[in-house]
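Here's the structure we're looking at; comments come further down.
The values are calculated or read from the model by the stated rules, or taken from the named source; none is laboratory data. The structure displayed is predicted, hence computed values, not measured ones. Here the Cβ positions follow ideal geometry from the backbone for every residue, glycine too, while neighbour counts run over all protein chains shown. All accessible areas refer to the heavy atoms of the entire protein, side chains included, with ligands and DNA or RNA removed. Shrake-Rupley method; radii C 1.70, N 1.55, O 1.52, S 1.80 Å.
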Amino acid sequence: MLIRRKRHEVPVLNMVATADISFMLLIFFLVTTSMDTDRGLQRKLPPMDNNEKRQEQLVKAGSTLTFSLTDDHRLLADGEAIDANDVSRVASDFISSRGKDHLIVLDVSPQADYGLYFIVQNGLKNAYGSVRDSLSMTMFKRPLRQLDEYDAAEIIDRYPHRVTEK
């Protein structure tokens, strides 16, 4: 009588399902994760030139408009409290009445609200855009963005972007 040996099989885990589950979890997390975009200001900075000398310019007394952002999160235009939604209107009126001879000063306290700073900056950008578009419509019957480089430069030269910060 012959005794047969039993073959012992080594237990194996089925890994096919694990790969499928991992792939599904990866897809789930990619779809449900929110992608936060950074907020910022679109500004074109001048090139860095270390040899360039800074020139001081004299500014006439009545040709400045000062926006102040205070420690207690208030917005002042030439010392008078205004609403943040009025920045564009106040700046547009000032820019259009002064032409080239204007300077907007932004005086920001270090403890001022960062969101308010962005609102003021966007208001100033909108003010310049609306004043330039208004002049463009008067002169060329088209908005500024539809003008060629020469005509757009003429409009921008009449209302240059003159904002400084303290």
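When you check Leu26 against the structure, is it loosely packed, with under 10 Cβ neighbours inside 10 Å, modelled with pLDDT of 85 or more and assigned to a helix (DSSP H, G or I), yes or no?
Working: loosely packed, with under 10 Cβ neighbours inside 10 Å: no; modelled with pLDDT of 85 or more: yes; assigned to a helix (DSSP H, G or I): yes.
Criteria not met by Leu26.
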task: Determine whether Arg145 is surrounded by 13 or more Cβ atoms within 10 Å (Cβ to Cβ) and either of a type outside the set (S, T, N, Q) or farther than 15 Å from Phe94 by Cβ (or both).
output: no
- prompt: From the residues in segment 117-134 that are in contact with a Phe, Trp or Tyr (Cβ under 7 Å, 6 or more places away or on another chain) and open to solvent by less than 30 Å² (accessible area, probe 1.4 Å), which one is farthest from Thr70 (Cα to Cα)?
  reply: Val131
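Can we say Leu147 is hydrophobic (A, V, I, L, M, F, W, C) and in contact with a His (Cβ under 7 Å, 6 or more places away or on another chain)? Please lay out each step first, then the result.
Values: hydrophobic (A, V, I, L, M, F, W, C): yes; in contact with a His (Cβ under 7 Å, 6 or more places away or on another chain): no.
So Leu147 does not fit the description; no.
Quick one: which residue in Ser96, Ser63 is modelled with pLDDT under 90, surrounded by 11 or more Cβ atoms within 10 Å (Cβ to Cβ) and of a type in the set (Ser, Thr, Tyr)? It would help to see each step written out before you state the result.
On the way: Ser96 fails: modelled with pLDDT under 90.
When all the criteria are applied, what remains is Ser63.
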